[in-house]
Amino acid sequence: MQDLIKIWSLVKKDLTVDLREIYAFASVFLFVLTCVFIVFKAFDQISLQIWVVTYWIILIFVSINAVLKSFKDESSSSRMYFYSILNPLHVIVAKIIYNFIFVYTLSLILWIILVFFSFNPFESIGQFLLILLCASFGFSVVFTFVSALSQSGGNNSTLLSILGMPLIIPILLLSIKLSFANTAMLDDTSLVTDFSLLVGINLLLTGICMLLFSILWKA
Amino acid sequence: MIRQSWWKYLGALLIIYVIIVGLLTPMKPGVYEFTPINTKAGKSFTADIITYNTHYKDSSQLRAWLKIDTSYALLSSTIEIQEVNKLKVTFDIPNYNPSTSDVVIADLVIDEKDEHFMVLPQALYITQDSSQVDEGALAWSLSNIENLSENTDFTFPFRWITEESMRNLFFHVSIWFAMFILLIIGIIYAIKYLLSKDLKWDIYSSSLTHVAIVFGIIGMLTGSFWAKFAWGQFWINDPKLNMSAVALLIYLAYWVLRVSITDQDVRARVSAAYSLFAFAALIPLVFVLPRMMDSMHPGNGGNPAFGKDDLDNTMRMVFYPAIIGFTLLGLWISSLYIRFQLLWESYMIKRSN
C-alpha cells in the first residue's frame with residue numbers, strides 16, 4: 001500500500017510537471033494532427049490496409065516522441081535528490097504507468113482524428129480498445145526502458161530510436177495482425193493466442209525492465 | 001580453459017570432418033522429374049522419368065510401382081531405358097480407383113537391383129468419373145512391393161527440391177545453433193558483469209556477442225543461397241525470415257550502441273542491460289511467433305521440419321558434429337578477440353601511466 005501511494009505520487013508529479021509546461025502536450029498533439037493530415041492528403045482513397053498500417057506507423061513515431069522526454073528533463077542535481085530518497089522500482093513503475101497513460105491517450109486521440117478525416121475500419125470498437133491497451137503498454141515499457149538506457153548513455157536521442165525500433169517490432173507486428181483481424185480483412189482463428197502472446201511479451205519485458213533499471217539507476 | 005588448446009583442435013578437426021564428409025558423401029539415387037503428373041483411370045499411361053545418380057543398363061533389372069496409401073500398388077507394364085538416367089515407364093491404370101473420391105494421389109517407387117530403391121511422394125494424380133471401390137481395390141492389389149534392393153553404403157538420402165543443396169543443412173543450421181549458444185554464453189557473462197562490475201566480463205560478453213552477430217550474418221547468407229535454390233529467390237516474405245531479420249537488427253543496434261558510447265564503464269553497463277533486454281525480446285521473436293504462422297521455412301508450422309522424415313542417420317552423423325564444431329570455432333574466435341582486447345586494455349593503461 002505504501003508502495004502504491006509512492007508510485008501514485010510520482011505519477012502525479014510527472015503529470016503536474018507536464019501540465020505546467022503545456023508545450024509538450026501541444027507539440028505532440030500538433031505532430032499527430034500534421035501526420036494525419038499529410039496521410040489524408042497523400043492518399044486520395046484510403047483502403048482498409050493502408051488505414052491500419054498508417055495508424056500504427058504514426059502511433060509508433062508519436063509515442064517515441066512522447067516517451068523520449070521521460071528521463072530527459074531531469075538535471076543531474078534533481079537526479080541525485082531522487083536517488084537519495086526513492087526506490088528505483090517505484091521510479092520505473094511510475095514512469096511506465098505515466099507513459100502508458102500518455103501513449104494510450106495519444107492513441108485514442110490519433111484514432112479519433114483519423115476517423116474524423118476518413119472512416120472507422122474496425123468492426124468491434126471494444127476489441128480495438130483492448131488491442132490499444134496492450135500495445136500502448138508494450139510501447140511504454142520498451143520506450144521507457146530505452147529512454148533510461150539512452151539517458152545513462154549520455155542522453156543521445158538518436159540512440160533511442162535506433163535501440164527502440166527493432167525492440168518494438170514483435171509487439172507492433174502482433175498489434176497490426178490483431179487489428180487486421182478486427183477489420184474483417186482476414187479471419188483470425190488464433191485471436192486468443194495472439195492476445196495472450198502480446199500480454200506475455202509485455203509482462204516479460206516489464207519484469208526485465210524493472211530488474212535492470214535498478215542496476216542502471218544505481219550508477 | 002581459454003588458454004588450453006585441446007578444444008580448439010577438436011573444433012578444427014570437427015569442421016574439417018564436416019567439410020570433407022558433408023560435401024563428398026554421394027547421394028542416393030532419386031527421381032528428378034516425372035511428367036505428366038495427372039491421368040485418368042482406365043487408360044494406359046506413359047511417364048517420362050528423369051532420375052539422379054543412376055546408371056541404368058538392363059531393363060530386366062528394373063521394376064516400378066505406383067503406390068496408393070500403404071496397401072495398394074500397381075506394377076508397371078513396360079519399362080524402356082533411354083539413357084542411364086532416363087526412363088519411359090508405362091502403367092495400365094485400372095478402370096477404378098480404390099477410393100470413392102474423384103482424385104487419388106499415387107507415389108512412385110522405382111527399384112533397380114544394384115542400386116538403392118527410390119520413392120517420389122505424390123507423383124501422380126489419378127482422376128476417375130465414377131467409383132467402384134471394390135473393383136478398384138481388387139485391381140490395385142494384384143502386385144506387392146517386395147524385395148526392394150537396399151544400398152548399405154554411406155550415402156545421404158535424396159530429397160526432391162532440395163537435392164544436392166541438402167548439404168547446406170550442415171552449415172546453415174549448425175551456424176545458427178552455434179550463434180544461439182554463443183549468445184547465451186554472452187548473456188551469462190553480461191549478468192556476471194552486472195553483478196560484479198568487473199570490466200573483464202564486459203569484454204567477454206561483448207566479444208561473444210559480436211562473434212554471434214557475425215555468425216548470424218553468415219547463417220543468413222547461407223540460408224539465402226539455399227532459398228535461391230529451393231524457392232527461386234534469395235529472400236521471400238516469410239514470417240521466419242522476417243523475424244530473423246528483426247533479430248539481426250536488434251543485435252546490430254547493440255553494436256551501434258557500443259560504438260556510440262565512449263566512456264568504458266557507461267558503455268559496459270548500458271550494453272549489458274541492453275543485451276539482456278534484447279535477448280528477452282528475441283525469445284518470442286524467434287521461438288514463439290514464427291511457429292504460430294504458416295511458413296515455407298522448415299520447422300513447426302507450414303512445412304514439416306527437418307526431423308524424422310528428412311534427417312536420416314547418415315546425415316545426423318555429420319549434422320551433430322557440425323553443431324559442436326561451429327560452436328567451438330565461434331568460441332575460439334571470441335577467445336582470440338577477448339585476449340586481444342585484454343592485451344589492448346593493459347597496453348593502454350601502461351601507456352597512460
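The values are calculated or read from the model by the stated rules, or taken from the named source; none is laboratory data. Nothing here was measured: the structure is a model prediction, and the numbers come from that model. Quick reminder, even Gly has a Cβ in these numbers, built from the backbone with ideal geometry, and neighbours come from all protein chains shown. Each accessible area value is taken on the protein alone, full model and side chains, heavy atoms only, with ligands, DNA and RNA left out. Shrake-Rupley method; radii C 1.70, N 1.55, O 1.52, S 1.80 Å.
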Open item on the list: Compute the helix-to-body angle for A:191-218: its Cα long axis versus the longest principal axis of chain A, expressed 0 to 90° and rounded to tens.
Closed with: 20 degrees
Task: Accessible area in the full protein assembly, largest first, 1.4 Å probe, for B:205, B:44, A:124 - done: B:44, A:124, B:205
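Does the stretch B:1-59 come out rounded, prolate or oblate, given a ≥ b ≥ c as the square roots of the eigenvalues of its C-alpha gyration tensor, rounded meaning a/c under 1.5 and, failing that, prolate meaning a/b above b/c?
Working: a/c = 8.06, a/b = 3.57, b/c = 2.26.
Verdict is prolate for the stretch B:1-59.
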Open item on the list: If you count only protein heavy atoms and use a 1.4 Å probe, how large is the accessible surface of residue A:44, to the nearest 10 Å²?
Closed with: 140 Å²
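Carbon and sulfur atoms: what percent of the 1.4 Å accessible area of the stretch A:2-218 do they account for?
Numbers: 6910 of 9800 Å².
Roughly 70 percent of what the probe reaches on the stretch A:2-218 is carbon or sulfur.
Got a number for carbon plus sulfur as a percent of chain B's accessible area, 1.4 Å probe? List each step's numbers first, then the result.
On the way: 10660 of 17710 Å².
Within chain B, the accessible surface is 60 percent carbon and sulfur.
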- [ ] From the C-alpha gyration tensor of chain A, pull out the three semi-axes of the equivalent ellipsoid (sqrt of 5λ each), sorted largest to smallest, in whole Å.
- [x] 32, 20, 15
Task: Helix-only mean residue ellipticity at 222 nm for the protein assembly as shown, each DSSP H run of n ≥ 4 adding -39500 (n - 2.57), per residue, nearest 500 - done: -21500 deg cm²/dmol
Task: Where labels lie 7 Å past Cα in the beta-carbon direction, separation of residue B:88 and residue A:3 in nm - done: 8.3 nm
TODO: Could you pull the accessible area for residue B:77 with a 1.4 Å probe, rounded to 10 Å²?
DONE: 60 Å²
TODO: Please give the solvent-accessible surface of residue A:41 in Å², to the nearest 10, using a probe radius of 1.4 Å with every protein chain present.
DONE: 130 Å²
Task: Accessible area (Å², per residue) of chain B, counting only protein heavy atoms and a probe of 1.4 Å - done: 50 Å²
TODO: Find the sum over both chains of the accessible area lost when B and A are paired, probe 1.4 Å, and report it in Å² to the nearest 100.
DONE: 2300 Å²
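What number results when the radius of gyration of the stretch A:94-219, computed over Cα atoms, is divided by 2.2 N^0.38 Å? Walk me through the intermediate numbers first.
Working: Rg = 15.9 Å, N = 126, 2.2 N^0.38 = 13.8 Å.
Output field value: 1.15.
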TODO: Taking 30 Å² as the minimum loss, tell me which residues in the stretch A:131-153 lose that much accessible area going from the chain by itself to the full protein complex (1.4 Å probe).
DONE: A:145, A:149, A:152, A:153
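Could you tell me whether the stretch B:98-150 comes out rounded, prolate or oblate from its Cα gyration tensor? Rule is a ≥ b ≥ c as square roots of the eigenvalues, rounded for a/c under 1.5, then prolate if a/b exceeds b/c, otherwise oblate.
Working: a/c = 4.72, a/b = 1.95, b/c = 2.41.
Here the stretch B:98-150 falls in the oblate category.
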Open item on the list: Placing one identical point scatterer on every Cα of chain B and ignoring solvent, what is log10 I(q)/I(0) from the Debye formula at q = 0.14, 0.15 Å⁻¹?
Closed with: -1.14, -1.24
- [ ] Kindly give the semi-axes, whole Å and largest first, of the ellipsoid equivalent to the stretch B:30-140, taking each as the square root of 5 times a Cα gyration tensor eigenvalue.
- [x] 26, 12, 12
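Calculate the FRET efficiency for residue B:317 and residue B:71 from the Cβ-Cβ distance with a Förster distance of 41 Å, rounded to the nearest 0.05.
Numbers: r = 34 Å, r/R0 = 0.82.
That pair, residue B:317 with residue B:71, gives E of 0.75.
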TODO: With 24 Å as the limit, write out which pairs from B:86/B:228; B:8/B:197; A:218/B:350; B:28/B:113; A:177/B:240 have Cα-Cα distances beyond it, or answer none.
DONE: B:86/B:228; B:8/B:197; A:218/B:350
Open item on the list: Checking buried surface per residue: for the stretch A:159-173, which residues lose a minimum of 30 Å² accessible area in the protein assembly relative to the chain alone (1.4 Å probe)?
Closed with: A:159, A:162, A:163, A:166, A:167, A:169, A:170, A:173
Task: Accessible area per residue in Å² at 1.4 Å probe, computed on the stretch A:2-218 - done: 45 Å²
Open item on the list: What are the membrane-span-like helices in chain B by this rule: whole DSSP H runs, Cα extent along the axis at least 30 Å, mean Kyte-Doolittle hydropathy at least -0.5?
Closed with: B:169-196, B:199-230, B:239-260, B:313-352
Task: Alpha-carbon centroid distance for the pair the stretch A:120-146 / the stretch B:215-267, whole angstrom - done: 27 Å
Open item on the list: Using DSSP to call loops (not H, G, I, E or B), can you name the GluC sites (Glu not before Pro) in the stretch B:107-183 whose Cβ has at most 13 other Cβ atoms within 10 angstrom?
Closed with: B:146, B:150
Task: Shielded residues, the stretch A:200-219 - accessible-area loss of 30 Å² or more between chain alone and all protein chains, probe 1.4 Å - done: A:201, A:204, A:205, A:208, A:212, A:215, A:216, A:219
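Go through A:59, B:221 and list them by solvent-accessible area, largest first, probe radius 1.4 Å. Don't skip to the answer; put the middle values down first.
Details: A:59 5, B:221 100 Å².
Accessible-area ranking of A:59, B:221, largest first: B:221, A:59.
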